[in-house]
Every structure is written in C-alpha cells, then in structure tokens.
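The values are calculated or read from the model by the stated rules, or taken from the named source; none is laboratory data. The shown structure was predicted, so the numbers you read here are calculated from the model rather than taken from an experiment. Quick reminder, even Gly has a Cβ in these numbers, built from the backbone with ideal geometry, and neighbours come from all protein chains shown. Just the protein is used for accessible areas: all its heavy atoms, side chains included, with ligands, DNA and RNA removed. Shrake-Rupley method; radii C 1.70, N 1.55, O 1.52, S 1.80 Å.
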Amino acid sequence: MGAILEIKHVSKFFGGLAANSDVSFELAEGMIMGLIGPNGAGKTTLFNCITGYYPPSRGEVIFKGRKMNGLEPNKVCKLGMARTWQKVRPLAKMSVLDNVMVGALCRTNSLKVARDIALEQLKVVRLDRKADFLAGGLPIGERKKLEVARVLATRPQLLLLDEVMGGLNPAESEEIIQLILDIKKHGITQMVIEHDMKAIMRISDRIVVLNSGEKLAEGSPEEIVANQAVVEAYLGSEH
Amino acid sequence: MAIFLQSLISGVLIGGVYALIGIGLTIIFGVMRVINFAHGDLMMIGMYLTWNLFQYFHMDPFMSIVVGIPAMFLFGGLLQKVFINRVLGALPQNQILLTIGLGLIMSNAVMLVYTSDYKILTTRYSSDSFKVLQSVVNPDKYERLYDKGNALVAEALAGKGGNAAELLAKADKKYEEALKVKPGQFRALANWGASLASLARLRQGEEAAALYARADEKFAAAAAIEPGDIDILCNWAIAYASRAATAGPGADSLYEKAYEKFKEGEEARPDSYDLFNAWGATLYRQALIKQGAEADRLLAAAWEKYRVALDAKPVEEGAEPVDTEALANKPPAEIRAALDQVYGKFPFAPRLKPDKRDAGISVSTPLAISFVITVAITLLLYWFLMKTDTGQAIRATAQDREAAQLMGINVKRMSILAFGMGASLAGTAGALVSPTYYIFPQIGGTFTLKAFVITVLGGMGSILGATVGGIIIGVAESLGAVYISAGWKDVVVYVLFLLVLLFKPSGLFGKSRV
Ligand SMILES: Nc1ncnc2c1ncn2[C@@H]1O[C@H](COP(=O)(O)OP(=O)(O)OP(=O)(O)O)[C@@H](O)[C@H]1O
Ligand SMILES: [Mg+2]
C-alpha cells in the first residue's frame, strides 16, 4: 500500500507567525489519519496548504505522486482531494440537493447525472428526506452532514474532514463516526481533525499531533496515548 | 385613469430595458464582488455596434443582437481575463478605479473614432405605436365598435397594404355590431354608408350593385336623422357618381341622382368647397361620355361649379386669392383643357370624418419589441442559471467563491463567463434602446448610475431584485415625468432610492449582511 499523500517539510508563515513549521508525514492509502492538537496548533492551516487554498511558504505537498504546490483548488479537487470546513459553508440560498449537485458537477457535466450522484450521497449521510430544504435553514448537525455529502459527491480519493463533530451532541457525533467508518469501507483515504479524543482514538489508524505549528508526535492511537509530550501539550505540564 | 395607465405601461416597457442593464451589473457583482463602473460604457459600445451594423450593413437594430450578443460576450470576457481578474482580491477602491478607467478609455476611444456628435438611428417603425386596452379605457361598447370601424376604414383609405377590400368588409361588420348595440346613431350610419360605397367601388356586377343599394339605405337613414348634413350629401352624391361610371346605359339617371344630392347640399350650405369641387368633378366626368353640344354644356356647368368651389376655398396664408371673375367666359376648348388638369384625377372616394377619439393606451412599437426581447432574454438567462451545470456553478461561485473552488469549480472561468454575460446584457440593452435614444460616446455615465441605483434598490447580487428594481425605476421615472414634471423625474428616482436605503439598506431582495 503506497502513500497517497506526502507532506514534506511544509511551513506556512503569516507575517512573523509560523502557523506550520517543517511538518512532514505520509498518509497510506485507505487509512484514516487523525490530526490533533490544541487550538491554534495549525491544523486548519495545514489543511489549507494541502488543498491548495493557499500554497505553503516552504516544503512540498505530494498527492498521488504529483507535486501540488500552487495548484488551483478546483484542479486539486478534480484530482480527487476534497475537504470540509471547520466553519461550515453551505451555499445557504440553494437547496440541500443543489448544494450536493454542485459538488457532483466536479465529475459530470450532466445535471441529471449530478442529481443522481447527489441523491445517492444524501442517502449515505441520511439527509435525503431534506433534499428540497434550503441549506441555510438546516440545524448545525445536518449542515455538517450536508458538508460531508457535498464533498463525497466530488468522488474524492482523499477526504479531509475539519472538525465535523464540533458542536454536535453525542448521538449526532456517533452518527458521524459511523459515517466516517462507512466511507473508509469504500476505500476512501481520510484525514480527520477532531478535538474529541475518544472519537479520534476509535476511528484513526494513525495519528499526527501538532503543537504550535510543529509536528509533536506521530504513531498509532496506542502510541499517542502513551506519549508523555502529547499529554503535556494537551493538559499542561503539571499533570 | 387613461393617463395613469399610459405612463404606467410605458414605464414598465422602458423598465424592462433597465432591468437588463441591472441584471448584467448584478451578475458581475454577484460572481466577483466587483462593481462594474464601466457598465454604461459597455452599453454605449453596444449602441455604436448596432448603429454601425444598421448604417453599413442595413441590419435591423433588433436583429443586430444576434451579432451583438456574442461580440459583446467576447469583449467582456477579454476585459475580465486581461484586467478585472488582476484586482479580484484587491481593495474595493482599486477595483473602482480600474472599472472607471476602463469606462473612460471606452468612451474616449469611441469619441476619437466617431466624434461626440449625436447619432440617430431611424427605422421604419421608430415612431410607430399601437393601441392596447381599449376596452378598459373606453368601456362603452358602441363607441369601441364604432372606433374600430372608423380605424379600419381609415386604414383602407390610406391605401396601406393593398387589402382595402378586406378591411372595408371588416368595417362593415363593426358598424353593424355598433348599431345593434345602439341603433340610430348618425355618425355610425354616415360612415357605414361611406365605407359600403367605397367597398362597392372595389367590386363588380351584382355584388357592387347590392353594396351600393345598402350604402343608399345607410345614407338615407343618416340623412333622415340630420337632413342637410353636408358630409352625408356629398358622400351620397359621390357614391352615385362612382356608380354611374360603371353603369353603362343607366349612367345618366344615376348622375341625375347625384346632382339631386349636390343640390340638397347647396341649399344647406351654399359655400362648401368640397361639395362644389365634387359636383364639378361629377359634371366633368359625365361630359366625358357625351359628345358635341351636350358635352360642352356639361363642361361649362362643371367650370361654373369649379369657380364657386375656388371662391369657397379658404385662401392659404401668404397665397394670392384666385381671381375667379377672370376665369369666367372661356372658350369651351380652354375649359376642357383646364378641367382635364383639375379633375382628371379626382378621386371619387367618400370623404370620411371619423371623429378622432384617442381611445386606448398607445404603446410605442420599438419599446414593445424591445420589451418582448427583454423578457425572452431574461427567461433564457434564468433557465441557464437554474437548469444547466454551468449555471449552477456560477450560482455556487456567487454564493461562496472559495467553497465553490474547493468543490472543483473553475472560478476563473466562471468570472470570465459572468463578465461576458454582463457585457452582452449591457450591449443588448444598448441595441434595444438605439432606435429611441440619441447615441453619443458619453451616454454610458447616465446608464451606469441607473444600473447602480437599480441593483442597490433590488439588492446587490440578486437577479430578481435587479429585474424588479429596473421596472420600479422605469415606472417611477415615467410617473414622475407625467405627474410632477419631466425635469424632475430623476429626483423621483433618487428619492425612492434614498428611501429604500434608509429603510432597507440591503435592498428589496437583498439579504442583510452582517
Ligand atoms: N489567514 C491567517 N492570517 C494570519 N494568521 C492566521 C491565519 N490563519 C491562521 N492564522 C493563525 O495561525 C495559527 C494556526 O491557526 P489554525 O486555524 O491553523 O489553528 P487550528 O489548529 O486549526 O486551531 P483550532 O483548533 O482552533 O481550529 C493561529 O495562531 C491563527 O491565528
Ligand atoms: Mg482549525
């Protein structure tokens, strides 16, 4: 199983602030990689660098053996990489179905085919009953599901999920966990940012920990739990 | 009521064109968050394009959009790719400077080529109009039918189109219906008679005879209501005269009947130019089928009537009155030659006096055509945005450029499409107004401002808002011009604009922004 994604010495500077500094790791195909770290650690920034939302200041992102730096996000998406936003961004004035269809248009020019793909993905996230609702009117839990359906509709090989469980109640979180595991069964590689430790431990095959922009640790969930540095970063050194 | 409806309708019609300009601006703003201050100048380019196609290729201005739409689309797309693209992330003031600058370059470049002279594009139908809503404005059924009949006869007599017989046959029905609603109306009977006589002239044989007989009937009925009405008697006599021309042996008795009517008319009004003129013409015509002394006698009589007619004719201002005394006592040969000149081409057509009433709302033909095109284009645009993949992608880009891009939408391409579409819409609006507006290089400024007001009024980025906004501005201008004063119509528009900004800053259909 080869690496679908390679991060090589990626740094991102905002003025003097190093939001990411010299981060390197690889992501094997079909795996779920957990990305954790305290607030402001640079997780979202790393996603932005990977998806081409902005290019990294230094280093390289290699997706399927191809160097991505500076590639436009729409092209990145066509290559098979898609992400959700920490702060969900549905197209509020469109219907739920239309939102997902926009994603599907990444793969087809036919509105009819796009509609079929969209309905299928809405079923996957169990939102098909709300297909005709305005996206802006959905409660937060369903908006997150919509976000997932929308990226799934782009038929990605690598999916980057930024805190899809944030703000959800336990029942909703459980639904999302099942959803992530379902997606894995379809062979889609995933990278998941999540603050809920229990959840991340359950779903991840490997975990990378970021702190102050740097990679603090990397390993299996068991290794991470056992890692003293991680515990300190999260809970403070007095622990 | 009629004035209100009239200005409302013209307001809606011109508002349609305004909507087109506003929609273009709002699409560009929606997709790129750039206010295109060169929008009116794009419209001006469209006007000049239309003018050139008209002037040098004789292309109808409304047809010219077939060329104008793709040409303006390419031009707009190019502007986007070369210029606008570079300022997409820039400060608003930089974007404003760029688009204003582009507008200035356009208007000055056009001025360089075409000078700042006003150009006018005059088509066959530039000042045509037609009537609508007659039944609303003129609820009296009799009058409506009567007016319709008159309009048909007037059209037939004007000789347009060569289907006079058909029109007169229709008029026949209208008068009949009118008189069924309200029997015994003098004017309807008089005009009916005249129109039947006219129709008879276009027919032959028994058909003509039957029509003449019916015309007689109507004239008689009308004359019974107003004996001595000069128009009736004149038309009646002319009807006999034109009948006589095709009657062969029976001609003389018909001419006698015509003279009877002329005499009745003379008793009622001894100084009618029309009456004596027609009388003279009739005598001259009868003389043509006679020989020798008989012909000379008729010619002398015709000459006599002609002189009376000249006396009765109102002298035109500045013209010398004709000395009719000097015309008396001419030798028959001279009289003959003179009458050939005067009556050789006398039209034996009844003179109709349909009392001109302004029933119905008059709609300018070019404005109406442009409105129809506007509606078609707007519907097409709506269909494109709602029902095609590219349309969906454009809408997604307008809602959230970054999210759309991350979902695989090529937002640069969408921007080029959006600016191209905006430019085509502006250019189309330019083509549509070119038959009714003066064309000059600086006209863009007015329309940029108007487009801006329309989009802000409707809500920036909302197509429905721009459509409604355009119509509102059109109607406000038109009502303002009628009920306040033409010079104040812009004031009405801006007061309306300020009120909306005060009470609903996000515009009528805009979502409020945080
Ligand atoms: N566009 C930006 N301009 C300037 N600074 C930024 C920008 N984006 C992020 N930062 C800064 O970079 C650092 C990392 O932010 P980032 O959003 O990547 O953290 P995070 O790990 O996703 O945090 P959280 O868990 O709260 O989502 C923060 O200090 C943030 O303020
Ligand atoms: Mg984050």
The correct ranking of B:D41, B:D274 by accessible area at 1.4 Å, largest first, is B:D274, B:D41
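Using the beta-carbon distance between A:K198 and A:R66 and R0 = 30 Å, what value does 1/(1 + (r/R0)^6) give for FRET efficiency, to the nearest 0.05?
After rounding to 0.05, the efficiency reads 0.25.
Report for the protein assembly as shown the percent antiparallel among DSSP-assigned beta bridges with both residues inside it, nearest 5.
DSSP beta bridges in the protein assembly as shown are roughly 60 percent antiparallel.
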For B:S129, the residues 5 or more places away or on another chain with a placed amide H closer than 5 Å to its own amide H are B:T365
Hits for chain B under the membrane-span-like helix rule (DSSP H, Cα axial span at least 27 Å, Kyte-Doolittle mean at least -0.5) are B:2-32, B:92-114, B:205-225, B:292-312, B:365-387, B:411-433, B:463-483
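With a 10 Å radius around each residue's Cβ, average the other Cβ atoms per peptide and rank B:46-52, B:421-427, A:225-231, highest first.
Ranked from most to least packed, the peptides come out as B:421-427, B:46-52, A:225-231.
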Rounded to the angstrom and largest first, Cα extents along the principal axes for region A:86-155 equal 30, 24, 21
Per residue of B:408-420, other chain Cβ atoms within 10 Å number on average 3
Expressed as a whole-number percentage, the relative contact order of chain A with C-alpha contacts under 8 angstrom and at least six residues apart is 25 percent
The FRET efficiency for B:F130 and B:N163, from their Cβ-Cβ distance with R0 = 22 Å and rounded to 0.05, is 0.80
To the nearest Å², the heavy-atom accessible area per residue of the protein assembly as shown with 1.4 Å probe amounts to 46 Å²
Computed on Cα atoms, the radius of gyration and Dmax of chain B in angstrom are 32.8, 106
In chain A the DSSP beta bridges are antiparallel at a rate, in percent to nearest 5, of 55 percent
Once B:V375 and B:V315 are pulled to full extension, the length gained, defined as 0.36 nm per residue separation minus their Cα-Cα distance, is 16.3 nm
The simple spin-label model distance between B:D117 and B:E294, using points 7 Å out along Cα→Cβ, in nm, is 6.6 nm
With 0.36 nm assigned to each residue of separation and the Cα-Cα distance removed, B:N52 to B:A338 gains 97.8 nm
Which of A:K198, A:K93, A:K145 fluctuates most in a GNM of chain A (C-alpha springs under 10 Å)? That residue is A:K198
Straight-line reach check, B:K173, cutoff 30 Å on alpha carbons, 8 or more apart in-chain or any other chain, hits among lysines -> B:K131, B:K141, B:K148, B:K160, B:K182, B:K218, B:K257, B:K261, B:K353, B:K356
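Using helices alone, I'd like the mean residue ellipticity at 222 nm for chain B: each DSSP H run of four-plus residues gives -39500 (n - 2.57), total over residue count, nearest 500.
That calculation yields -24000 deg cm²/dmol at 222 nm.
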Heavy-atom accessible area with a 1.4 angstrom probe orders B:V12, B:V495, most exposed first, as B:V495, B:V12
Within 10 Å of the Cβ of an average residue in B:391-403, the count of other chain Cβ atoms is 5
Partner shielding of A:94-105, taken as the mean number of other chain Cβ atoms within 10 Å, equals 4
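Using a 1.4 Å probe on protein heavy atoms only, how many Å² of accessible area do A and B hide from each other, summed over both chains and rounded to 100?
2100 Å²
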Sorted by accessible surface (1.4 Å probe, heavy atoms of the protein chains only), largest first, A:H195, A:H9 come out as A:H9, A:H195
The simple spin-label model distance between B:E256 and B:A224, using points 7 Å out along Cα→Cβ, in nm, is 2.5 nm
A correct Kirkwood calculation over the Cα atoms of region B:1-145 returns a hydrodynamic radius in Å of 18.4 Å
Note to self, chain A gives a 222 nm [θ] from helices alone (DSSP H runs n ≥ 4, -39500 (n - 2.57) apiece, / all residues, nearest 500) of -10500 deg cm²/dmol
Expected sort for B:213-220, B:237-244, B:373-380 on mean C-beta neighbours within 10 Å, highest first, is B:237-244, B:213-220, B:373-380
The lysines whose Cα lies under 23 Å from the Cα of A:K215, excluding any fewer than 8 residues away in the same chain, are A:K8, A:K12, A:K43, A:K64, A:K67, A:K198
Between B:L508 and residues 5 or more places away or on another chain, the pairs with built amide H atoms under 5 Å apart involve B:G458, B:G459
One point scatterer per Cα, no solvent, Debye formula: log10 I(q)/I(0) for the protein assembly as shown at q = 0.06, 0.09 Å⁻¹ comes out as -0.60, -0.93
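For a quick protection proxy, order the peptides B:32-40, B:299-307, B:450-458 by their average other-Cβ count within 10 Å, most packed first.
B:450-458, B:32-40, B:299-307
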Filtered hits (lysines, Cα-Cα < 17 Å from A:K130, offset >= 8 within chain) -> A:K93, A:K144, A:K145
Expected field for B:Y483, accessible surface area in Å² at 1.4 Å probe radius, rounded to 10, holds 130 Å²
Probe 1.4 Å, all chains present, heavy atoms only: B:I225 accessible area in Å², nearest 10, is 80 Å²
Here the tail fraction of P(r) beyond 22 Å, over all Cα-Cα pairs of region B:262-355, rounds in percent to 30 percent
Residues meeting the amide H criterion for A:L210 (H placed from the backbone, H to H distance under 5 Å, 5 or more places apart or on another chain) are A:I36, A:G37, A:L216
A correct Karplus calculation of ³J(HN,Hα) over region A:12-26, with 6.51 cos²θ - 1.76 cosθ + 1.60, θ = phi - 60°, whole Hz and x for Gly and Pro, returns 9, 10, 10, x, x, 7, 8, 6, 10, 9, 6, 8, 9, 6, 10
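Percent of Cα-Cα pairs more than 19 Å apart in region B:148-255, please.
42 percent
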Expressed in square angstrom to the nearest 10, the accessible area of B:V132 with a 1.4 Å probe stands at 40 Å²
quick shape note, chain A: Cα extents on principal axes in Å, largest first -> 54, 38, 38
